[in-house]
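Here is the structure we will look at, set down as structure tokens.
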Amino acid sequence: MSSVDQHFVSKTLLVAQPAPASEKGPWHWLKKNLFATPKDIVLTLIAVAFLAWTIPHLVDWLFINAVWSGTDRTFCATTVQGGTQPDGWNAACWAFVRAKFVVFMFGLYPPDERWRPLLVCILMVASFAPLLIPSVPRKGLNAILAFFILPIVSFFLLHGGFGLEIVETERWGGLLVTLVIAFVAIAVSFPFGIVLALGRRSKMPVVRMLCVIFIEVIRGVPLITVLFMASYMLPLFMPQGWTIDKLLRAVVGVAIFTSAYMAEVIRGGLQAIPKGQFEGADSLGLGYWQKMRLIILPQAIKLVIPGIVNTYIGMFKDTSLVAIIGMFDLLGIVRQNFADANWATAVTPVTGLVFAGFVFWLFCFGMSRYSGFVERHLDTGHKR
């Protein structure tokens with residue numbers, strides 16, 4: 001065996017040796033990540049001291065001394081004496097959230113008809129669960145049910161008709177409005193964003209110019225401006241006597257705004273595809289739309305899943321801006337109920353905002369976790 005071969009074998013054996021036991025376990029992880037240098041030690045101790053001081057106060061305010069039941073503000077106006085909080089400190093008033101919970105969920109939707117939004121939620125879960133679980137077959141049929149059949153059925157269930165009482169959208173509110181706007185914006189912005197991204201990369205000058213103008217104009221203004229234009233300016237261009245539902249204006253504005261951002265995310269994925277993939281598809285004799293549908297778009301979308309989900313998370317939180325046109329989503333209706341004199345205390349607004357923030361975080365965290373799951377499931381290439 002030559003000296004070169006001996007060197008290669010010895011190097012291979014050195015790499016293949018398992019790590020010593022001293023480099024495994026939680027203590028090694030703590031030393032490597034939290035106590036590696038003097039600066040890391042100081043920062044870790046400061047963080048631990050801050051958490052040790054903050055967490056007991058938060059737990060005390062949120063749970064231990066919180067008011068969980070009551071019928072009016074007098075139950076929450078009582079100050080806390082002793083405990084980890086300073087004397088005179090008001091703890092969280094969860095009785096306010098409990099009393100207003102149905103309003104936070106459905107707004108002014110008629111009490112006798114609230115089974116309809118609940119049924120829509122059940123149908124939504126039943127339609128999307130097979131679509132989101134990779135092992136469930138017939139994705140095409142599930143997609144048709146979720147994106148075509150479900151919206152039609154949901155509209156008639158929520159709005160009424162065919163024997164159901166008509167419930168105008170002005171009476172909708174709370175989490176119901178947030179989910180309706182978010183669902184429609186997601187369902188519209190994804191395919192529309194793909195079309196815009198392909199149009200911006202098109203070799204046809206007119207198509208490319210129109211897509212560039214649309215994307216840059218929408219991305220160049222705040223969402224509040226888009227909502228304002230959709231609510232107050234769009235009716236001015238309609239024929240006399242025509243009116244557009246306020247919720248529809250909000251949905252159109254959010255969907256258009258999200259589509260412009262989605263187009264740029266998809267375009268980034270398209271630009272990341274190697275040129276050889278396009279040439280290989282052309283060598284197979286595939287047409288433009290076959291090439292995009294079967295070869296290019298699946299790879300591009302897989303590469304930009306984090307960007308897609310990030311756009312949707314931002315859009316979901318931005319639904320609270322529909323208050324500018326008089327719609328009351330979850331955050332808007334929580335803030336509206338601060339004016340209820342029956343629950344007017346110093347701690348009521350803070351408790352309501354904490355509740356709204358937790359609900360928004362719950363949905364955004366769920367989207368983020370599912371994004372990570374999809375990335376791991378589709379992670380079959382692009383590794384070094």
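The values are calculated or read from the model by the stated rules, or taken from the named source; none is laboratory data. All figures in this text were calculated on a predicted structure; none of them were measured in a lab. Here the Cβ is made from the backbone with ideal geometry for all residues, glycine too, and neighbour counts use every protein chain on show. Surface areas here come from the heavy atoms of the whole protein model, side chains and all, with no ligands, DNA or RNA. Shrake-Rupley method; radii C 1.70, N 1.55, O 1.52, S 1.80 Å.
Here is how the numbers come out for the structure above:
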item: Overall Cα dimensions of the chain - principal axes, largest extent first, Å; result: 90, 66, 40
item: Heavy-atom accessible area order for Leu198, Leu353, Leu331, largest first, 1.4 Å probe; result: Leu353, Leu331, Leu198
item: Distance in nm between pseudo-label sites at Asp379 and Phe101 (7 Å out along the Cβ direction from Cα); result: 3.8 nm
item: Cα-based convex hull volume of the range 273-384 per residue, rounded to whole Å³; result: 144 Å³
item: Cα pair distances of the range 180-376 binned at 5 Å [whole percent]; result: 1, 7, 12, 15, 16, 14, 12, 9, 6, 4, 2, 1, 1, 0, 0
item: Paired Rg and Dmax values of the range 112-165, which use every Cα atom, in angstrom; result: 12.6, 40
item: Computed FRET value (nearest 0.05) for Ser202 with Asn310, which takes r as the C-beta separation and R₀ as 25 Å; result: 0.45
item: Once exposed loop GluC sites (Glu not before Pro) are cut out (DSSP; at most 12 other Cβ, 10 Å), longest piece of the chain; result: 169-384
item: Sites Ala47 and Ala346 - FRET efficiency at Förster radius 41 Å, r taken between beta-carbons, to 0.05; result: 0.85
item: Projected label distance in nm at Ile55 and Asn33, using a 7 Å step from Cα toward the beta-carbon; result: 1.5 nm
item: Linear extension gain, Arg138 paired with Cys364, 0.36 nm per residue minus alpha-carbon span; result: 78.6 nm
item: Size of the range 135-267 as Cα extents on the principal axes (Å, biggest first); result: 51, 49, 26
item: Relative contact order %, the chain, counting alpha carbon pairs below 8 Å whose residues are six or more apart; result: 18 percent
item: Inverse mean reciprocal Cα-Cα distance (Kirkwood Rh) of the range 320-384, Å; result: 14.6 Å
item: Exposure rule at most 16 other beta-carbon atoms within 10 Å, DSSP loop chymotrypsin sites (Phe, Trp or Tyr not before Pro): the chain longest free segment; result: 243-384
item: GNM result for the chain, Cα springs below 10 Å: residue of Asn337, Asn33, Asn90 fluctuating most strongly; result: Asn33
item: Estimated [θ] at 222 nm from DSSP helical runs (n ≥ 4, -39500 (n - 2.57)) normalised by residues in the chain, nearest 500; result: -20000 deg cm²/dmol
item: Carbon plus sulfur fraction of accessible area for the chain, probe 1.4 Å, in percent; result: 70 percent
item: Unpartnered cysteines - no second Cys beta carbon under 4.7 Å - across the chain; result: Cys121, Cys211, Cys364
item: Count of lysine pairs in the chain with Cα separation under 29 Å (8 or more residues apart, or interchain); result: 26
item: Relative contact order, percent, the range 180-376 [alpha-carbon distance under 8 Å, six or more residues apart]; result: 24 percent
